[in-house]
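The values are calculated or read from the model by the stated rules, or taken from the named source; none is laboratory data. What you see is a predicted model; the values in this text were computed from it and never measured. Neighbour counts run over all protein chains shown; Cβ positions are idealised from the backbone, glycine included. All accessible areas refer to the heavy atoms of the entire protein, side chains included, with ligands and DNA or RNA removed. Shrake-Rupley method; radii C 1.70, N 1.55, O 1.52, S 1.80 Å.
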Amino acid sequence: MDAVQQQVTETIRTAMAVRGITQRELGNAIGLKHTAMTSRFTGRANWTLGELVRAGDVLGVPGWLILRGRQHVLQELAAAG
């Protein structure tokens, strides 16, 4: 997994924890099967821009912000309450 994909995965994982959303729930919400989600979280497959946008919608942050990293997403989530 390259550094950007790793950062994206860590950021999504952090936002999921804050929101109390499981990997399966996020996958269902963005239209990915469990095996596809596992591939993203283990680095065997890359996140697409469309998946980031949909994940952001579910997690309550702009999809592009996921690319900026964990701190930016945590700030956005804290501001949103």
Under Karplus coefficients 6.51, -1.76 and 1.60, residue-wise ³J(HN,Hα) of region 19-29 in Hz, glycine/proline x: 7, x, 10, 7, 4, 5, 4, 5, x, 4, 5
Size of charge dipole - the chain - debye, nearest 20, with Cβ of Lys, Arg +1 and Asp, Glu -1, no other charges: 160 debye
Carbon + sulfur, % of accessible area of the chain - ligands and nucleic acids excluded, 1.4 Å: 52 percent
Gain on full stretching of the segment that runs from Arg44 to Glu10 - 0.36 nm per residue minus C-alpha separation: 10.8 nm
Within the chain, helix-based [θ] at 222 nm, where runs of 4 or more DSSP H residues each add -39,500 (n - 2.57), nearest 500: -21500 deg cm²/dmol
Per residue accessible area in Å² of the chain, where ligands, DNA and RNA are left out and the probe is 1.4 Å: 57 Å²
Over the chain - Rg/Rh using Cα atoms and the Kirkwood inverse-distance radius: 0.93
